[in-house]
Amino acid sequence: MLTFFAVLAWTIAVVIYPGFSLLELVGANHVWVSATMMSSYQAVVVGPTTDFIESNTPLKMKPQKTFADVPNPSVMIVIGGGDTTYAAMENQELVDYIRKAAQSAEIVASISTGALLLAKAGLLQGKLATTHWAYASQLEGYGASYVRKAWVEDGKLITGAGASAAIDLSLLLVARLLGEKNARQVQIMAEWDPKPPFGGIDWSRINGKPAFPVAGPSQGPERIIALVIYNGLTVFDLVGPLELVTALSRMRPEFKPVVVAERAEPITSDSGLTFLPNKSFDEVPEPDVLIVPGGGQPTLRAMSNLAIREYIRQADRSTTYTTSVCTGALLLASVGMLKGRDATTHWGYSKHLEQFGARYLRQRWVAAGKIINSAGVSAGIDMALYLISRLTDEETARQVQLAIQYDPQPPFGDIDYDHFPPMMRAIRGLQYLTAPLDTRKPRQLLERGL
């Protein structure tokens, strides 16, 4: 582990470009921001501009710095982007940045097809590496030796396979740089305790399969999947389901994901990243599916936001499924939707949920009729796969899982909920004590019918 004084000098550059994978970026960034918040370590999302750029989902995002602003990072992590990575490989400014930044960086990492950008920059010639399974031959075409593993190390280079590697690999690096204790605490707070509803990927079934099956015509009328965004939310809650339903929309074009907010204006998340929603609440009054993400204190405040409360109630009248991620369950509960029901949320907020008359279950997700809740943060990915299986079928959900290569392998195993470290127990105890106060105003609004 590095000394305190060494850590002071470290900057982590997370590299993106138009068409980047939003889940890969947000998953990695969430881990690093959580791990470094009590130090002078700095994780920065860098791109060709600080204007909004397109992701591989309907949500646009602003990089925090340009390449020129962060010329010599100590750690560089290059995010993938599926087929859009091919266009990125022709961007000489991007490739030159990766090549030059790698010279000073003590660790150079990539997620998924980010490895192709490392290869294009000449960094993987003769090296062992991995990438998204569908791009293995392209990686080898640049002189790398592909290994089908969650992550592969070769000297200071470490490459991760598909979307889940963004979290697994980042936790591994956090442990290496800041200690395993820190990494385990980040894992617990993010509830990175993955339980894919149909298990891991069966690699014996992929031979000859394309990453995305060819989309056919719509199999019915348009079905809007509305994902709610608001200032201060934990954006990982939102982006996990968003990436999956976006992948579904490529296979089944009748499904259309839309990110909605009170106003279609820039939104800043709890990690300081800025996003641009697609539409306002008024523009999407009757979605077929509603997905409500959570967060910390901003979500507790959002329980008393009359516009959010009214939108959840209104949207629920038309939905086939109304779902939540993490403390998004508190927003559903605050308008009376979970009273007397089994539900789940982040482990730290179970008493908040119970203040509204819900029965908390410590499960990865809980389905009760048309309402589906997931546990904390990263559990939204597993919940979304289950939701997709309900909207379509198990085979389609498996295809989505394969397409993003969600095959998680947490480097320190599962979370032991019965033996939390002292700090996590203290956080949980404090949340238990504050639950009645935190929920008082929304409970009063509920009593008044607001």
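Read-outs: derived from the displayed coordinates by stated rules, not from any lab. Note that the structure is predicted; figures quoted are calculated from it, not measured. With ideal geometry, Cβ positions are generated from the backbone for all residues, glycine too; neighbour counts draw on all protein chains shown.
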Which ordering of TRP133, TRP192, TRP203 is given by a fewest-first count of other beta-carbon atoms within 10 Å? TRP203, TRP133, TRP192
Sort largest first and round to whole Å: the equivalent ellipsoid semi-axes of the chain, each the square root of five times a Cα gyration tensor eigenvalue. 34, 25, 20
Over 18 Å between alpha carbons, listed pairs LYS60/LYS120; LYS195/LYS351; LYS100/LYS156; LYS65/LYS181; LYS256/LYS279: LYS60/LYS120; LYS195/LYS351; LYS65/LYS181
Against the longest alpha carbon principal axis of the chain, how many degrees, from 0 to 90 and to the nearest 10, is the axis of helix 394-404 turned? 40
Could you give the size of the charge dipole of region 332-450 about its Cα centre, using +1 on the Cβ of each K and R and -1 on the Cβ of each D and E, expressed in debye and rounded to the nearest 20? 740
Mind checking which of ALA333, ALA211, ALA379 has the largest fluctuation in a GNM of the chain, springs on alpha carbons under 10 Å? ALA211
Which residue, TRP151, HIS132, GLN92, has the largest displacement toward the positive end of the dipole of region 72-217 when charges sit on each Cβ (Lys, Arg +1; Asp, Glu -1)? TRP151
In degrees, nearest ten, helix 180-189 long axis to first principal axis of the chain (Cα): 40
Principal semi-axes in Å for region 139-212 [√(5λ), Cα gyration tensor, largest first]: 26, 20, 8
In region 203-447, with Lys and Arg counted as +1 and Asp and Glu as -1 at Cβ, which of these residues, TRP203, SER304, GLN405, has the Cα nearest the positive end of the dipole, that is, farthest along it? SER304
Counting helices only, and only those DSSP H runs with n ≥ 4, report the 222 nm mean residue ellipticity of the chain as the sum of -39,500 (n - 2.57) divided by its residues, in deg cm²/dmol to the nearest 500. -11000 deg cm²/dmol
Antiparallel DSSP beta bridges within the chain, percent to nearest 5: 25
0 to 90° range, to nearest 10: angle between helix 165-178 axis and the chain longest Cα axis: 70
Cubic angstrom per residue, convex hull over Cα atoms of region 4-189: 105
Here the relative contact order (percent) of region 4-189, from C-alpha pairs under 8 Å and at least 6 apart, is 20
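Applying a 10 Å radius around every beta-carbon, put 145-158, 316-329 in order of their mean neighbour count, most first.
Peptide ranking by packing, descending: 316-329, 145-158.
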Over the Cα atoms of region 203-447, what radius of gyration and what Dmax do you get, in Å? 17.9, 58
Distance between the C-alpha centers of region 163-177 and region 237-274? Whole Å please. 24
Lys, Arg +1 and Asp, Glu -1 on Cβ, resulting dipole of the chain about Cα centre, debye, nearest 20: 860
For region 292-450, what relative contact order do you get, as a whole percent, if you take Cα pairs closer than 8 Å and at least 6 residues apart? 24
Relative contact order for the chain: what is it in percent, counting Cα pairs under 8 Å that are at least 6 residues apart? 14
